[in-house]
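Since the structure comes first, as structure tokens, the remarks are kept for the end.
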Amino acid sequence: MERWPYSCAWLLVASRALLQMLRSDLRLSRALLGALAMLALLDWLCRRLLPTLPGVAVVACAGWLVLSRLARRPRLPVAGKVVFITGCDSGFGKETAKRLDAMGFTVLATVLDPEGKGARELRASCSSRLTLLQMDLTKPGDITRALELTKAQTTRSGLWGLVNNAGYNDIVADVELSPVATFRSCMEINFFGALELTKGLLPLLRRSRGRIVTVGSPAGDMPYPCLAAYGASKAAMALLMDTFRSELLPWGVKVSVIQPGCFKTAPMEDPGLWERRKRLLVASLPGELLQAYGEDYIEHTHGQFLRTLRLAVADLSPVVEAITDALLAARPQGRYYPGRGLGLMYFIHYYLPEGMRRRFLQEFFISHPLPRALRPPALTQSQPKSQ
């Protein structure tokens, strides 16, 4: 008797999936196949752990929610829309500018170096609708000039969207080993600069009932080892965007935060850059602090980080697609999580004990050895001296 109710639940899910495919609201993809596999696992658990009626209800509701989540949401027309994107020299910003330009947006793209490789690539590959603006978020004069140019260029069209993409991090180290100046630099670019720009563009965005999209990081939600300066700035920015989402609701402005996984952006492609930064860190540390931790401790951390760089995903399209959806979906999500393994990471972070969360992040990102001062004397003597 138990099989028939569960079969009816699956028939309901299959019927909705078929209907969505016929309407082109759903496509066969790895995400759909993965969701169906998880739903089958849930079915197996419900049959063994729950009475029939509650179990069937759980499977049917879960299937309905999964299909709703995977359905392509209606999108707004592109024609006439202007979007301002920061940090387009490389990575997510550059690829998003190219994608939106190809879709027909008028794109205002900021770069640090108007004659750099990224700027040249944008000029060569994009239409005349794309305008490059030089802007450094640490310089108020640059922000003011970019705001004035944007207002002048959007007098008739209005400004539909702002994509806060520009970000900065120059160190991977424990908090005690990280200079306070690094925390200030991260906050200046990732938070204060983006805040000043967003506030300056808000009158235009309110007028158009437009969109604010900010590229954050899971490091702003979880205590990633050795990313405290970067993570703290991203956490501040995510909270600011959550506040904007609430406060701008009456104005019709929708706010989204993109939390990407590990992708191969420009800083992730240059191990030599991180090697130079590691040497500068070691050279700048007080002798007592370097003795307490040990140079081999810093070398080990650096090696673990380089291992993570090798695992970064080269295809940036999931992040570009999330940004595009946040700009055009009739009902955009408040948070997007493009990238492999993020669902598992957030599940562990929110639902498992603190010790397991810490261990998982260490295994996934950086696993520390004991600092030199905490090692047993015999172990310390047996360690090879750092060169």
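The values are calculated or read from the model by the stated rules, or taken from the named source; none is laboratory data. Quantities reported herein were computed from a predicted structural model and do not represent experimental measurements. All Cβ positions, even for glycine, are placed from backbone atoms using ideal geometry, and neighbour counts span all protein chains on display. All accessible areas refer to the heavy atoms of the entire protein, side chains included, with ligands and DNA or RNA removed. Shrake-Rupley method; radii C 1.70, N 1.55, O 1.52, S 1.80 Å.
Yes/no per residue for (1) in contact (Cβ under 8 Å) with a residue 24 or more places away in the chain; (2) out of contact with any strand residue (DSSP E or B) (no Cβ under 6 Å at 6 or more places or on another chain); (3) within 22 Å of Phe364 (Cα to Cα):
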site	(1), (2), (3)
Lys278	yes, yes, yes
Ala283	no, yes, no
Gly287	no, yes, no
Leu290	no, yes, no
Gly294	yes, yes, no
Ile298	yes, yes, yes
Gly303	no, yes, yes
Leu306	yes, yes, yes
Ser317	yes, yes, no
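Beta carbons closer than 9 Å, at least 6 apart along the sequence or on distinct chains, never pair a first residue in the stretch 351-362 that is among the β-branched types (Val, Ile, Thr) with a second that is at pLDDT below 85 and assigned to a loop (DSSP other than H, G, I, E, B). Selection of the stretch 131-162 for residues being closer than 19 Å to Leu100 by Cβ, of a type outside the set (Gly, Ala, Ser) and under 24 Å from the mean Cα position of the chain (by Cα) yields Leu132, Leu133, Met135, Leu159, Trp160, Leu162.
Does Leu201 fit the bill of being assigned by the TED database to the domain that holds Gly93 and open to solvent by less than 50 Å² (accessible area, probe 1.4 Å)? Write out each step before concluding.
Values: assigned by the TED database to the domain that holds Gly93: yes; open to solvent by less than 50 Å² (accessible area, probe 1.4 Å): yes.
So Leu201 passes the test.
Taken together, the criteria exclude Ser157 from residues that are under 30 Å from Ser284 (Cα atoms), touching a residue at least 12 places away in the same chain (Cβ under 8 Å) and open to solvent by 20 Å² or more (accessible area, probe 1.4 Å). Restricting attention to the stretch 302-317, and to residues there that are in contact with a helix residue (DSSP H, G or I) (Cβ under 6 Å, 6 or more places away or on another chain) and in a loop (DSSP other than H, G, I, E, B), which single residue is surrounded by the most Cβ atoms within 10 Å (Cβ to Cβ)? Looking at the filtered set, the residue picked out is Leu316.
If you scan the stretch 34-48, which residues turn out to be within 22 Å of Gly343 (Cβ to Cβ), more than 24 Å from the chain's Cα centre (by Cα) and not acidic (Asp, Glu)? Before the answer, list the steps.
The initial filter retains those residues of the stretch 34-48 that are within 22 Å of Gly343 (Cβ to Cβ), namely 34-46.
Checking the rest, the ones that are also more than 24 Å from the chain's Cα centre (by Cα) come to 36-46.
If the condition is that a residue be within 22 Å of Gly343 (Cβ to Cβ), more than 24 Å from the chain's Cα centre (by Cα) and not acidic (Asp, Glu), then Leu36, Ala37, Met38, Leu39, Ala40, Leu41, Leu42, Trp44, Leu45, Cys46 are the ones that fit.
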